[in-house]
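Trainee: Sharing a structure with you now.
Nothing in this text is a laboratory measurement; each read-out follows from the coordinates by a stated rule. Computed from a prediction, not measured in an experiment: that's the story for all the values here. So basically every Cβ, Gly included, is an ideal-geometry build from the backbone, and we count neighbours across all protein chains shown.
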Ligand SMILES: [Zn+2]
């Protein structure tokens, strides 16, 4: 029965990993989508910056155009006052044009930075794509191996179960439902090694001396006891195998 439990543990572990695979695949895809979103965001920011630069360039042109127009007008004004007013307008338009030009320069530097960001996120994405495709391949391989291992353990289990009396199998199944993978507990040092409950000396005594199929269970957790302690008189061969009362 210890062999049965060992195989059940293998099956359960393999099954848990197989069940966890879709989640791992989704996580890998989520990582990839995150990298794709970063590329899209960087490109979007770059496009917006380009639009803004174009608008600022138009601003420069517009202010320069106005200054030019005022200069042309200034040659034909009649009064000193009107001339002064135009000079003021010209200075103002030139100042606005300069401001807009500074902004264009700033925007060009921002654009360079954004171009770098686009390249950087694209490189990251390519790296991710390579890594994740390798990861997926590995997962599929692992999946195949785990599945094979699980099927082998299930086949072996079937063979082992044939040698266990049916009532014992039923009891094992019941306890295993409550304590998956640990239906059997070692009784050692006067304790149930699974829950720590004290084991009465006479039970221990019986465990190490009884040779029939009598079953002892933990009073607290209900697990089925086994002992690896040598059975002094009764069955030395069984004890040497490390499987008493299976
Ligand atoms: Zn117990």
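Trainee: Largest first and in whole Å, what are the equivalent-ellipsoid semi-axes of the chain based on the Cα gyration tensor, each being the root of 5 times an eigenvalue?
Mentor: So the equivalent ellipsoid measures 89, 19, 12 Å along its semi-axes.
Trainee: Measure nothing but the geometry: give the 0 to 90° angle between the long axis through the Cα atoms of 2-74 and the longest principal axis through the Cα atoms of the chain, rounded to 10°.
Mentor: So the helix axis and the longest Cα principal axis differ by about 0 degrees.
Trainee: For a test of the definition: using alpha carbon positions, the gyration tensor, and the 1.5 limit on a/c, classify segment 97-168 as rounded, prolate or oblate.
Mentor: Prolate.
Trainee: What ranking do 8, 29 get, fewest neighbouring Cβ atoms within 10 angstrom at the top?
Mentor: Starting with the residue having the fewest Cβ neighbours, the order is 29, 8.
Trainee: Show that you can apply the helix-only estimate: for the chain, add -39,500 (n - 2.57) for every DSSP H stretch of four or more residues, divide by all residues, and state [θ] at 222 nm to the nearest 500.
Mentor: Numbers: 5 runs with 182 residues, N = 246.
Helix contribution divided over all residues of the chain: -27000 deg cm²/dmol.
Trainee: Something else about it: Separation of segment 95-145 and segment 20-57 by C-alpha centroid, Å?
Mentor: Answer, in whole Å: 8.
Trainee: Relative contact order for the chain: what is it in percent, counting Cα pairs under 8 Å that are at least 6 residues apart?
Mentor: Numbers: 227 pairs, mean separation 56.5, N = 246.
It rounds to 23 percent for the chain.
Trainee: While we're looking at this one, here's another question. Running Debye on segment 1-138 with equal point scatterers at the Cα sites and no solvent, what base-10 log of I(q)/I(0) appears at q = 0.15, 0.17 Å⁻¹?
Mentor: Each listed q maps to, in turn, -0.86, -0.95.
Trainee: To two decimal places, what compactness ratio does segment 1-80 give when its Cα radius of gyration is scaled by 2.2 N^0.38 Å?
Mentor: 2.99
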